[in-house]
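Notes follow once the structure below has been shown.
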Amino acid sequence: MGQRQHDHAHGETVNPVAVINPTGASRIVFVCEHASNAIPETYRGLGLSETDKTSHAAYDPGALGVLNSLVREFDAVGVYGTVSRLVYDCNRPPEAPSAMPAKSEKIVIPANETLSQDERDARTSAVYIPFRDTLSDAIAQKGEQGIVVTVHSFTPTYFDQPRRVEIGVIHDKDAQLAREFVKTLQNDGTYISELNEPYSRDDGVAHTLNLHGTQNGLQNAMIEVRNDLITNDADQEKMGAYLAQHLRETFATLGIDLNEATA
C-alpha cells in the first residue's frame, strides 16, 4: 500500500495512501485524492486555525464516503489519499505551485508561503510519490481494460458566489466517457448535472486523469459532487448508489462490459 513516511520528530509513521478492496474484480479503479484532512505532526498544523483544518480547503468533505459506496457497488478497487491536500495535493504534479498551495480560496496556508525547493521535494517524496506509485500499481493490474474514475466534492459557495451545479463530470483529452455520463445524469434529471463544472482540465484538475488514464490509453473521468448533498453516511451511500446506477447505464450505452476479463 505504498511507502511510509517516517516522522523523526515524533516517531510517527504515516502512510499517505490507502487501498480499499485491493482484489476488486471490476475494471474500474476509483480514486479519491482529497479524502482526508489529516496533517501529520511533523508539519505542525501548517500554521492553520482549527476551523481551516476542517474546511473544504483541507480536503473534499463526503468524497471518501461516496468512494466507499462506489467501491462496494462495483466490487472495484479504491485508492485514496490519507493526508490533507494542503500538505500535498495528489491531483497536482510536483512542479505545480498548487501542489503545495500558499492559498486556497480565501484561506492562507502559512507554512506553505515560504517553502524551499528542498522542502517541496521532501513533501513530494513523502506524500505524492507513494500515492502515485500505489495508484499506478492498482491500475496496472487491470491491464488494457482499466477504467479510471476519480471522486471529488466541491463547496456550494466559492469566493462568495453560489454554485448551481450539483454534480459535475470533468474529462481530460478524451471526452467520450464524461459526455455520455453527463447525458445519462441529465436525462434522469434528479440533480443539476453539467460537463466540466465547476472546473475543467484547463484549471489544472486533470492530473490524475491524464497521468493514470490518458497516458495509459484508458477511459477516464472525474466526478465532482457538491458537498452539501453528502454531509452524512446515508447521503454518501445514496449518492454512491445513484452514481453507480448511471455509470452502469453509461457503460452499457458505450458497449463496455465491466466484467470483461482483464488483459
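For the reader, a short list of remarks on this structure follows.
- The single condition among (1) among the hydroxyl-bearing types (Ser, Thr, Tyr); (2) within 28 Å of Leu218 (Cβ to Cβ); (3) crowded, with 18+ Cβ neighbours inside 10 Å that Tyr43 does not meet is (2).
- Top-ranked residue of the range 150-194 - restricted to ones that are within 18 Å of Phe30 (Cβ to Cβ) and among the hydroxyl-bearing types (Ser, Thr, Tyr), ranked as nearest to the chain's Cα centre (by Cα): Thr150
- Out of Asn220, Asn216, Asn210, sole residue that is under 23 Å from Ala96 (Cα atoms), touching an Asp or Glu at 6+ places or on another chain (Cβ under 7 Å) and touching a residue at least 40 places away in the same chain (Cβ under 8 Å): Asn220
- Applying the set (1) at positive phi; (2) in contact with a helix residue (DSSP H, G or I) (Cβ under 7 Å, 6 or more places away or on another chain) to Asp160 leaves exactly one unmet item: (2).
- Those residues of the range 17-37 which are part of a loop (DSSP other than H, G, I, E, B) and surrounded by 16 or more Cβ atoms within 10 Å (Cβ to Cβ), in sequence order: Asn21, Gly24, Ser26, Arg27, Glu33, His34, Ala35, Ser36, Asn37
- Taking the listed residues Arg85, Arg44, Arg72, the one that is assigned to a helix (DSSP H, G or I) and over 28 Å from Ala252 (Cβ atoms) is Arg44, with no other qualifying.
- Screening the range 223-235 for residues that are touching a residue at least 12 places away in the same chain (Cβ under 8 Å) and surrounded by fewer than 24 Cβ atoms within 10 Å (Cβ to Cβ) and picking the one that is farthest from Gly78 (Cα to Cα) gives Asp228.
- Of the residues Glu73, Glu105, the single one that is over 16 Å from Met222 (Cα atoms), out of contact with any helix residue (DSSP H, G or I) (no Cβ under 6 Å at 6 or more places or on another chain) and charged (D, E, K, R) is Glu105.
- Flag for Arg132 being surrounded by fewer than 22 Cβ atoms within 10 Å (Cβ to Cβ) and within 17 Å of Gly255 (Cα to Cα): no
- Any chance Asp118 is buried (at least 23 other Cβ atoms within 10 Å of the Cβ), charged (D, E, K, R) and either in a loop (DSSP other than H, G, I, E, B) or without any contact (Cβ under 8 Å) to a residue 40 or more places away in the chain (or both): no
- Whether a residue is out of contact with any His (no Cβ under 7 Å at 6 or more places or on another chain), of a type in the set (Ser, Thr, Tyr) and surrounded by fewer than 20 Cβ atoms within 10 Å (Cβ to Cβ) was assessed, and Thr124 passes this test.
- In this entry, Val29 passes the filter for residues that are within 20 Å of Leu135 (Cα to Cα), modelled with pLDDT of 95 or more and of a type outside the set (Gly, Ala, Ser).
- Count of the range 143-154 residues, restricted to those that are at pLDDT below 95 and part of a loop (DSSP other than H, G, I, E, B), is 0.
- Test: Asp202 is surrounded by fewer than 20 Cβ atoms within 10 Å (Cβ to Cβ) and in a helix (DSSP H, G or I): yes
So that you can scan it fast, the table gives a plain yes or no per residue for (1) of a type outside the set (D, E, K, R); (2) part of a helix (DSSP H, G or I); (3) in contact with a Ser or Thr (Cβ under 9 Å, 6 or more places away or on another chain); (4) at pLDDT 95 or above:
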{"residue": "Gln215", "(1), (2), (3), (4)": "yes, yes, no, yes"}
{"residue": "Val225", "(1), (2), (3), (4)": "yes, no, yes, yes"}
{"residue": "Ala234", "(1), (2), (3), (4)": "yes, yes, no, yes"}
{"residue": "Ala244", "(1), (2), (3), (4)": "yes, yes, yes, yes"}
{"residue": "Leu247", "(1), (2), (3), (4)": "yes, yes, yes, yes"}
{"residue": "Ala252", "(1), (2), (3), (4)": "yes, yes, no, yes"}
{"residue": "Leu258", "(1), (2), (3), (4)": "yes, no, yes, no"}
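- The range 183-199, residues that are part of a loop (DSSP other than H, G, I, E, B) and touching a residue at least 12 places away in the same chain (Cβ under 8 Å): Thr190, Tyr191, Ile192, Asn196, Glu197, Pro198, Tyr199
The values are calculated or read from the model by the stated rules, or taken from the named source; none is laboratory data. Because the structure is predicted, anything quoted here is derived from the model rather than measured. No Cβ is skipped: glycine too gets one built from the backbone with ideal geometry, and neighbour counts run over all protein chains shown.
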